[in-house]
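The values are calculated or read from the model by the stated rules, or taken from the named source; none is laboratory data. These numbers were taken from a predicted model, which means no experiment stands behind them. Don't worry about glycine lacking a Cβ; one is built from the backbone with ideal geometry, like all the others, and counts go over all protein chains shown. These area figures cover heavy atoms from the full protein model, side chains too; ligands, DNA and RNA do not enter into them. Shrake-Rupley method; radii C 1.70, N 1.55, O 1.52, S 1.80 Å.
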Amino acid sequence: MFKIESFSLGPLQTNAYLLIAENSSDAIVIDPGMNPGALVRRIQSLNLNVEAILLTHAHFDHMGGLEELRTLCNCPVYLHDLEAEWLTNAKLNGSANWSQVTPPITAEPAEYALDEGQQLKLIGHTFTVYHTPGHSPGSVSFLCGKELFAGDVLFRMGVGRTDLTGGSERQLIDSIRTKIYRLADDVTVYPGHGPKTSIGAEKSSNPYVPA
């Protein structure tokens with residue numbers, strides 16, 4: 001379908017994903033985190049045509065490399081409207097509160113807004129948007145075939161924290177149970193941090209949100 005390459009970026013080891021179409025140089029990037037040098041070099045080495053940058057949410061560790069990537073690739077950015085102001089506001093995206101990790105980070109606004117059920121036609125495939133709040137109000141997950149890019153909603157044997165701006169434990173659990181857990185067990189989950197997992201594995205073993 002497409003090749004998936006993962007890059008663990010920045011001091012918080014945030015997963016950025018580079019999706020490359022088969023038999024083509026077309027690609028998209030999901031969550032270009034801080035210190036994106038490895039990702040930039042890979043895009044340049046393959047001379048890729050990056051069609052879009054998708055953000056699962058706008059916490060600083062997921063958008064720290066956004067402006068560098070956007071300038072390099074001259075492509076649009078997609079983000080849920082509930083976090084539209086977060087890119088331009090270091091306090092909202094959290095970077096102003098983590099001075100031990102980073103100076104304040106800001107970026108230009110996203111070109112396109114994401115919403116529940118939206119279908120994005122990119123690199124020859126259709127990506128369905130699921131609004132999955134809880135970790136943050138505008139958190140989304142992207143499903144294409146049997147691949148789910150879940151940001152910081154669901155991890156391998158874990159879930160996203162809910163003590164940051166706009167977080168809600170109730171919403172997070174609801175997002176996982178009513179949207180993510182309703183996907184097929186063989187769907188692979190690519191989280192914002194740590195190793196990939198599957199819907200079936202989390203439904204059977206996740207200690208925070210049992211099925």
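Which far-off residues, 5 or more places away or on another chain, put their amide H under 5 Å from the one on Phe155, with H placed in the peptide plane?
Sorted by chain and number, the residues that satisfy this are Gly160.
Can you pull the one-decimal nm distance between simple spin-label points at Arg182 and Asn23, each 7 Å off the Cα toward Cβ?
The two pseudo-label positions are separated by 3.5 nm.
What's the tally of Lys pairs in the chain whose alpha-carbon atoms lie under 19 angstrom apart, where the two lysines are 8 or more places apart or on different chains?
9
If you count the DSSP beta bridges with both ends in the chain, what percent of them are antiparallel, to the nearest 5?
The antiparallel fraction comes to roughly 65 percent.
So what's the back-of-envelope 222 nm ellipticity for the chain, counting only DSSP H runs of four-plus at -39500 (n - 2.57) apiece and dividing by all residues, rounded to 500?
That calculation yields -4500 deg cm²/dmol at 222 nm.
Add +1 for every Lys or Arg and -1 for every Asp or Glu among the other residues with Cβ under 15 Å from the Cβ of Glu108, and state the total.
Residues close to Glu108 contribute a combined charge of -4.
Which whole number of Å³ per residue matches the convex hull of the alpha-carbon atoms in the stretch 1-118?
Convex hull volume per residue, Cα atoms: 94 Å³.
Leaving out ligands, DNA and RNA, and with a 1.4 Å probe, what % of the accessible surface on the chain is carbon or sulfur?
Numbers: 4220 of 9070 Å².
It is 47 percent, rounded to a whole number.
Take the eigenvalues of the Cα gyration tensor for the chain, scale each by 5, and report the square roots as semi-axes in whole Å, largest first.
Values for the chain, descending: 24, 21, 15 Å.
Where the Cα atoms of the stretch 112-211 are projected onto their three principal axes, how long is each span, largest first, in whole Å?
37, 31, 23
Averaged per residue, what accessible surface does the stretch 86-211 expose to a 1.4 Å probe, in Å²?
About 46 Å² of surface per residue is accessible.
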